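Note sheet for the following structure.
Here, each number is a calculation from the coordinates, and none is a lab measurement. Given the structure is predicted, the values throughout are model-derived calculations rather than measurements. Positions of Cβ are generated from backbone atoms using ideal geometry, with glycine treated the same way; all protein chains shown enter the neighbour counts.
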Amino acid sequence: MSLMDAAYQLDPALWIDDYKLIQDKSGRPVELDEVQREILRSGHKRIIINCHRQWGKSSLASALCFHRALYYPKSLCLLVSPSLRQSSENFRKILDALDCFDPRPRLDEDTRLTLKLENGSRIISLPGSQKTVRGFSAPDLIFIDEAAQAADELFDALLPMMAGNPRGRIIQASTPWGKRGSFYKTWVGESPGWHRVQVRAQDNLRLSPPFLEEMRAELGDFKYKQEFECEFLELESAFFSGVEVESIFSSAIQPLWGGRTTAPLSGVLKPLWSEGIL
């Protein structure tokens, strides 16, 4: 490994800058902000990022997975998104980054959502279902994009994987989506294992005040606070609060009559809650 490659291995931000791996739609390089550089250089094993829309979390996720796979042979990197469409978009960012290299990194496998590099590393982009992620073990990096919209069962399936790799990292990033789900609970929780990072639009120097005022006028106060100020809010259309609905799913609460448990009701309502219908 050359001295320059050694520097790139230690500093993903330098690697992204020099190869111009993150670009806008017109093909111009995008300069990383200080928070993005902090995350790229962080040694934290668990990171949760509460960020505004269009901050660049998907590009960051793809770049981190690509860097890990390229500079650490035989790595397993899982790039998880709530939907197949989002997974395909994130995977496309990695394919585009390959074209920034001359010579281009050699691949042993290239399918619609899987890359295997010549060094034995794999990058697998997955839609966010516990059924799709089960079967992988001891990943080196898991990045969950739009984590607020991922089902709780996904986190239940992903977290145990980390037990097989003490050096493995898990990063989840999202714009808030109501006071519910594992992303919200992790953000407001007191677990010391998570490094919390918040990026609000007003702190982003790439966004002008006139643009943000325009967004507030177009979206309305509620949506603007959620999408750009990173606030976890109750859904405007929700008849019950998040606390009230979550209490339905608790087996610790005893029924008032009839001796029945809350399980049948939970089985009906929890999917509706997860999908934002309630």
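Obtain the nm distance between the two label points defined at E34 and S191 by a simple spin-label model: each point lies 7 Å from its Cα along the Cα-to-C-beta direction.
Taking the two extended label points, one gets 2.9 nm.
For the pair D102/D11, report the inter-label distance in nm, with labels modelled 7 Å from Cα in the Cβ direction.
The modelled label-to-label distance comes out at 2.4 nm.
Can you give the FRET efficiency for E109 and D221, using 1/(1 + (r/R0)^6), R0 = 35 Å, r = Cβ-Cβ distance, to the nearest 0.05? Intermediate values should be presented prior to the final figure.
On the way: r = 49 Å, r/R0 = 1.39.
My answer for the efficiency is 0.10.
So, with +1 on the Cβ of K and R and -1 on the Cβ of D and E, and no other charges, what is the size of the charge dipole of the stretch 1-85 about its Cα centre, to the nearest 20 debye? Please report the intermediate quantities before stating the final value.
Values: 12 positive and 9 negative charges, 99 e Å.
Approximately 480 debye in magnitude.
Based on the Cβ-Cβ distance from N119 to D24, what FRET efficiency comes out when R0 is 35 Å, to the nearest 0.05? Let's see the in-between values first.
Details: r = 30 Å, r/R0 = 0.86.
Efficiency for this residue pair is about 0.70.
Can you tally the lysine pairs in the stretch 51-143 where the Cα-Cα distance is under 22 Å and the two residues are eight or more apart, or on different chains? Don't jump to the answer; show the numbers that get you there.
Details: K57/K93; K74/K93; K74/K116; K93/K116; K116/K131.
Number of lysine pairs found: 5.
For the pair E213 and L233, how long in nm is the line joining their label points, each one 7 Å along Cα→Cβ?
2.0 nm
Report the net charge of residues surrounding C77, where surrounding means a beta-carbon distance below 10 angstrom and charges are Lys +1, Arg +1, Asp -1, Glu -1. Write out the running numbers ahead of the final one.
Values: positive: R68, R122, R169; negative: D140.
Charge balance in the 10 Å sphere: +2.
At a Förster radius of 35 Å, what calculated FRET efficiency corresponds to the Cβ-Cβ distance of K74 and Q198, to the nearest 0.05?
On the way: r = 34 Å, r/R0 = 0.98.
The value I calculate is 0.55.
Step through the residues of the stretch 87-92 one at a time and calculate ³J(HN,Hα) from phi using the Karplus curve (6.51 cos²θ - 1.76 cosθ + 1.60, θ = phi - 60°), rounding each to whole Hz and writing x for Gly and Pro.
Each residue of the stretch 87-92 in turn: 4, 5, 5, 5, 5, 4 Hz.
Sort 76-87, 212-223, 61-72 by packing, meaning the average of other beta carbons within 10 Å per residue, with the highest value first. Intermediate results must be reported in sequence, preceding the final value.
Values: 76-87: 20.7, 212-223: 13.1, 61-72: 23.2.
Top to bottom by mean Cβ count within 10 Å: 61-72, 76-87, 212-223.
May I ask you to compute the full-extension gain from R41 to R53, defined as 0.36 nm times their residue separation minus their alpha-carbon distance, rounded to one decimal in nm? Numbers along the way, then the final one.
Numbers: separation 12, 0.36 × 12 = 4.32 nm, distance 2.23 nm.
The span from R41 to R53 would gain 2.1 nm if fully extended.
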